[in-house]
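A.B. asks: This is the structure, below, for whatever I ask next.
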Amino acid sequence: MPPCRVARRSREPEKGGTVRPQKIRLGEVLIQQKLLSNEQVELALVEQKKTGRKLGRIFVESGFLTEEALSQALARQLNMDWLDLRQLQLEPQVIRLLPEAVARRFRVVVFKDFGPWLGVAMSDPTDLTAYDEITRLLRREIRISVATETQILGAIDRFYGRIEEISGLAQELKQELSEGGSDFGAIFGGAVGQEDAPVVKLLTTVFEEALRTRASDVHIEPQEHSLRIRFRIDGVLHVQTETETGIASALVLRLKLMSGLDISEKRLPQDGRFNVQLRGTSLDMRISTLPSQYGESVVMRLLHQGTGLLGLDKLHMPARVLERLRHAVHRPSGLVLVTGPTGSGKTTTLYAMLAELNTTEKKIITVEDPVEYRLPGINQVQVHEKIDLSFGRVLRSALRQDPDIVLVGEMRDQTTAEIGMRAAMTGHMVLSTLHTNDALSTPIRLMDMGVPRYMVALSLQLVLAQRLVRVICEHCGEPYRPTPAEHEWLRSELGTGVDAHPFRHGAGCHMCGNTGYSGRTGVYEMLEMTRAVVEAANSSDPNAFVRAARAQMAGETLRRDAVRLATTGRTTIEEAMRISNQWDEEES
């Protein structure tokens, strides 16, 4: 019996596909099982005649039933097992028994080798052409089970990957470079958009793999003897492939052409951006080049334009923090700062605030470097230092545009900070970011920048400090017993109640790339400038401010929020310690 979940009571697998599958009338089957009405089937049949799409896909896309319900109905009708591929430990060498092209064409994967026979999962087990082709290629007895198309395509993406394809395209590009010499114009066919050129196909494949793996950044790094391509996934860099170093210049040239950079300048850093369409998704790429010892290093930030903005309620903030933040940003005036290091999700939080504030009654202007996401209904301005379009200059002009809300991408210097604070004091709501370690040190940092103490006290309403921690993979998460060192660390926050919490970690599986993590979430702390904190900030005693600020925060620190996520099973103790340990010495 295959180790899988089935749609009904377990039975011997030889009932599930030893004979050639037969055609069925899908609509009649779903009506008989009371999953669809006659009217719904008739509507889908009309749509099928118009578009030629498969009937099952029309049922799902029309919202008549879920993909899982459809595949389970097929399994019941054909007396086959229904599989949840996410729950299986799939083996790459078994899945790759079928060529990738065949697996994608027929939506099929070989999920297990049982010795005398192979277990095969199909999204459409009634496809006789697929059955004949699979048996011809595998030359083994097969037994069919049913799985959803989405899960099958996900398994194909994960296990076939693009490493071999990338290596092959790199070899093809190297050969063309050696034949064409340094004539890069010939390689591109004289057209930037030529899709058949090897360099174009190689970059497209890299972008598609980055999209599939949820990478936030792509690093192209020339080394002495190779070209290394790395992806940053959930905040951690992973080597994707190492290929021929001779193709580095062609890749950089192509990327410069796509982003409108100076292709003749190789000695100075350059920044730009371009847009690509991949699998129906619009991606904005922010590109940065840097001359290095062995060539130009390139880093690209992937910005998903089609995913929409997250609302504040989707950021998983503690209830108290969310309530007070909403209260602050809906005030008519004041300054709200989001702080943290690079890559801590500050921009996502700022845009979540804007998404909530963006109404036809409000005029919103943003001053950014660069503009990361394009927001409908909002006036966004890109800073351009080369033509003296600085934060300060744009901000002064923006305040003459009668805005209600102003977003300043970053308070980089005293001038920008002072203009933003004066705007907050004269009836504008100002949102911005600052690079500080925690909420408590933010007002002090502003004063160190040269902003007058009274201005900080009168304009600053709230500081939100944040970090990102990795989330435990939902498919391989399991109970975890803290080590003695972790137990002792937790005691400082939880006291003697450490053992009362069910900690978890990810064992690692094919769904998360054996990392045990999938995705990230925020860790937050908040400082409100209450009357007591403002009075302390106006005093000349810095210790008075620290005491008042700590009293206002009441121990609700980044560390405590990280521990909260660990105790609720969202993240691991290791992640909580990684985020929190830098403050241990200060707080002890």
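The values are calculated or read from the model by the stated rules, or taken from the named source; none is laboratory data. All of these numbers come straight from a predicted model, not from anything done at the bench. Every residue, glycine as well, gets a Cβ built from its backbone with ideal geometry; the counts of neighbours run over all protein chains shown. Protein only, heavy atoms only, side chains kept; ligands, DNA and RNA dropped before computing areas. Shrake-Rupley method; radii C 1.70, N 1.55, O 1.52, S 1.80 Å.
A.B. asks: Tally time: how many residues in the range 447-463 are open to solvent by less than 10 Å² (accessible area, probe 1.4 Å) and in contact with a Lys or Arg (Cβ under 9 Å, 6 or more places away or on another chain)?
C.D. replies: The qualifying residues number 3.
A.B. asks: Additional query: Taking the residues in the range 15-40 that are crowded, with 16+ Cβ neighbours inside 10 Å and under 20 Å from Asp127 (Cβ atoms) as candidates, determine which candidate is modelled with the highest pLDDT.
C.D. replies: Leu30
A.B. asks: Given Arg232, Arg301, which one is in contact with a strand residue (DSSP E or B) (Cβ under 9 Å, 6 or more places away or on another chain), under 24 Å from Leu169 (Cα atoms) and free of Cβ contacts under 8 Å to residues at least 60 places away in the same chain?
C.D. replies: Of Arg232, Arg301, the one residue that is in contact with a strand residue (DSSP E or B) (Cβ under 9 Å, 6 or more places away or on another chain), under 24 Å from Leu169 (Cα atoms) and free of Cβ contacts under 8 Å to residues at least 60 places away in the same chain is Arg232.
A.B. asks: Answer yes or no as to whether Val321 is assigned to a strand (DSSP E or B) and either surrounded by 19 or more Cβ atoms within 10 Å (Cβ to Cβ) or modelled with pLDDT of 85 or more (or both).
C.D. replies: So Val321 fails the test.
A.B. asks: Output yes when any residue across the range 511-532 is open to solvent by 60 Å² or more (accessible area, probe 1.4 Å), closer than 19 Å to Ile579 by Cβ and not hydrophobic (A, V, I, L, M, F, W, C), and no when none is.
C.D. replies: Yes, there is a match, as at least one residue in the range 511-532 is open to solvent by 60 Å² or more (accessible area, probe 1.4 Å), closer than 19 Å to Ile579 by Cβ and not hydrophobic (A, V, I, L, M, F, W, C).
A.B. asks: So for the range 526-534 (the condition being part of a strand (DSSP E or B), within 33 Å of the chain's Cα centre (by Cα) and not aliphatic (A, V, I, L, M)), does at least one residue qualify?
C.D. replies: yes
A.B. asks: In the range 49-72, how many residues are over 28 Å from the mean Cα position of the chain (by Cα), farther than 19 Å from Leu83 by Cα and not in a loop (DSSP other than H, G, I, E, B)?
C.D. replies: 6
A.B. asks: So for the range 291-304 (the condition being at pLDDT 90 or above, part of a strand (DSSP E or B), open to solvent by 50 Å² or more (accessible area, probe 1.4 Å) and of a type in the set (Gly, Ala, Ser)), does at least one residue qualify?
C.D. replies: Checked against the condition, which is being at pLDDT 90 or above, part of a strand (DSSP E or B), open to solvent by 50 Å² or more (accessible area, probe 1.4 Å) and of a type in the set (Gly, Ala, Ser), the range 291-304 yields at least one hit.
A.B. asks: Sort out which residues of the range 471-489 are assigned to a helix (DSSP H, G or I) and either touching a strand residue (DSSP E or B) at 6+ places or on another chain (Cβ under 7 Å) or not aliphatic (A, V, I, L, M) (or both), and write them in order of number.
C.D. replies: If the condition is that a residue be assigned to a helix (DSSP H, G or I) and either touching a strand residue (DSSP E or B) at 6+ places or on another chain (Cβ under 7 Å) or not aliphatic (A, V, I, L, M) (or both), then Pro484, Glu486, His487, Glu488, Trp489 are the ones that fit.
A.B. asks: Follow-up. Kindly indicate the residue of the range 353-410 that is of a type in the set (D, E, K, R) and in a helix (DSSP H, G or I) and also nearest to Leu337 (Cα to Cα) among those meeting that condition.
C.D. replies: Among those that are of a type in the set (D, E, K, R) and in a helix (DSSP H, G or I), it is Glu356.
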